[in-house]
Amino acid sequence: MSEQSRSTGRIRGTGSRRRKPSRRHRAKVVAAWTVAGVVVVGGAGLGYAYLALDGNLSSIDIDAKLGADRPDDVDDGSQDILVLGSDSRSGDNGKYGEDEGAARSDTAMVLHIDKGHKSASVVSIPRDTLIERPACESDTTGDEVPAAHRAMFNTAYEVGGPACAVKTVESMSGIRMDHYLEVDFTGFTKLIDELGGVEITTKTAIDDSKSHLDLEPGTHTLNGEESLGLVRTRKSVGDGSDLGRIQLQQAFIKALMDQTKSVGAFTSPTKLYGLADAATKAVTTDSGLGSVKKLTGFAGGLKGLSAENVHMVTLPVEYDPADPNRVLPQEKAGRQVWAALGHDRPIPASATEESAGDKGDAAEIVE
């Protein structure tokens, strides 16, 4: 490590560890990497290891918590999955900041897999989006939490846990979520390390004091800690907002998918088990995916997906006139996005053309 690296604590793409982030700048996990992580669990030959891996999994019965007052369950072969990354600082995640007693879903993506399981769409929901949050049951006390007007999207998870996050997304989209996946900071870094890192190419320098990442232009193989630093980066991307960071995350997800395909996980039992162990420890699922058998059945249907067949967008938003640090959903454009998913069609490019924030600058920074 250089003397400058020692003095600043920055990540320089060499495997060095970064200093503890400020509590004011919550790390945002790239949750959709979970899809790639789940895919590695879906290989053949685990057999005897199922029992051990089952013990790694945590699951939640979303259906029991939400009851029957939900959008219709459309059985056309397509699937919709809410993928969340929470910012809980409890347990091993404490090194990423102070435990403030509650967690928020600082990354939220709706993954729609088409009925042929050959392509997918991902809709990222900005954490600072002001929405109508439905009444939910408290995840800690069981009491009812009243509905809220102009509530930040990520407070749904804070007040009501996974079930409230699912209920909120279903209320926004009119689409029933078939499954739920959640990841944590520690699981993210460990899975990346099991993969042997993720290769990205920076077209310009990235220097972000908040994520503690400092990369020169060029190709880098980032380990888990460095990857977490990358997906937290926003000051070096687009307009410096959360919207620009989402696009950087989406670029990273595609690199991660390519990396997962290239490590030989499906031909090496040892590598497969290591990845499966890391992935199952990293995720919390709905009860429909709450065993390795169920998870592998789901993951088997994703093997045909490649980065080229995954279309990623951000929910169309506009800056809130009352608070430039918050965004509001664009109602007409949002309806186009959700209607496309609901009818198993590609999201029209016109739906996101007028959205606020970064207009693709992230793609000019990293690939």
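Yes/no matrix, rows are residues, columns are (1) at pLDDT 85 or above; (2) in contact with a His (Cβ under 6 Å, 6 or more places away or on another chain); (3) open to solvent by 10 Å² or more (accessible area, probe 1.4 Å); (4) among the small types (G, A, S):
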| site | (1), (2), (3), (4) |
| --- | --- |
| G161 | yes, no, no, yes |
| A165 | yes, no, no, yes |
| G174 | yes, no, yes, yes |
| Y180 | yes, no, no, no |
| D193 | yes, no, yes, no |
| G197 | yes, no, no, yes |
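Pairs only if they're at least six apart or on different chains, beta carbon under 8 angstrom, first in the range 249-276 and within 20 Å of T233 (Cα to Cα), second among the charged types (D, E, K, R) and at pLDDT 80 or above; list them, first residue then second.
Going by the 8 Å Cβ cut-off, the qualifying pairs are A255/E199.
Which residue, of T284, T296, is of a type outside the set (D, E) and within 24 Å of K65 (Cβ to Cβ)?
Of T284, T296, the one residue that is of a type outside the set (D, E) and within 24 Å of K65 (Cβ to Cβ) is T284.
Considering each of L243, L248 in turn, give the residue that is among the hydrophobic types (A, V, I, L, M, F, W, C), in contact with an Asp or Glu (Cβ under 7 Å, 6 or more places away or on another chain), surrounded by 21 or more Cβ atoms within 10 Å (Cβ to Cβ) and part of a helix (DSSP H, G or I).
Of the residues listed, the single one that is among the hydrophobic types (A, V, I, L, M, F, W, C), in contact with an Asp or Glu (Cβ under 7 Å, 6 or more places away or on another chain), surrounded by 21 or more Cβ atoms within 10 Å (Cβ to Cβ) and part of a helix (DSSP H, G or I) is L243.
If the Cβ limit is 6 Å and pairs must be 6+ apart or interchain, which residue in the range 286-311 that is under 14 Å from S58 (Cβ atoms) pairs with which residue that is at pLDDT 90 or above and among the aromatic types (F, W, Y)?
D286/Y180
For every residue, the table says whether it meets (1) in contact with a Leu (Cβ under 6 Å, 6 or more places away or on another chain); (2) surrounded by 17 or more Cβ atoms within 10 Å (Cβ to Cβ); (3) not hydroxyl-bearing (S, T, Y).
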| position | (1), (2), (3) |
| --- | --- |
| V292 | yes, yes, yes |
| P316 | no, yes, yes |
| D323 | no, no, yes |
| P346 | no, no, yes |
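Can you pull out the residues in the range 106-158 that are under 21 Å from K65 (Cα atoms) and in contact with an Asp or Glu (Cβ under 8 Å, 6 or more places away or on another chain)?
Matches in the range 106-158: V110, A135, C136, E137, S138, D143, E144, V145, A147, A148, F153, N154.
Just to be sure before I move on: is G304 in a helix (DSSP H, G or I) and either open to solvent by 60 Å² or more (accessible area, probe 1.4 Å) or not charged (D, E, K, R) (or both) in the structure I sent?
Judged against the criteria, G304 is not a match.
Among the residues of the range 113-139, which ones are assigned to a loop (DSSP other than H, G, I, E, B), open to solvent by 10 Å² or more (accessible area, probe 1.4 Å) and either touching a residue at least 40 places away in the same chain (Cβ under 8 Å) or among the basic types (K, R) (or both)?
D114, K115, H117, K118, S119, R127, D128
What do you reckon, is T189 farther than 30 Å from E225 by Cα and either assigned to a helix (DSSP H, G or I) or in contact with an Asp or Glu (Cβ under 7 Å, 6 or more places away or on another chain) (or both)?
Considered against the rule, which asks whether it is farther than 30 Å from E225 by Cα and either assigned to a helix (DSSP H, G or I) or in contact with an Asp or Glu (Cβ under 7 Å, 6 or more places away or on another chain) (or both), T189 comes out as no.
The values are calculated or read from the model by the stated rules, or taken from the named source; none is laboratory data. The structure presented is a predicted model; accordingly, all values stated were derived computationally and were not measured. Backbone-built Cβ (ideal geometry, glycine too); neighbour counts: all protein chains shown. Please note that ligands, DNA and RNA were not included when accessible areas were found on the heavy atoms of the full protein model with its side chains. Shrake-Rupley method; radii C 1.70, N 1.55, O 1.52, S 1.80 Å.
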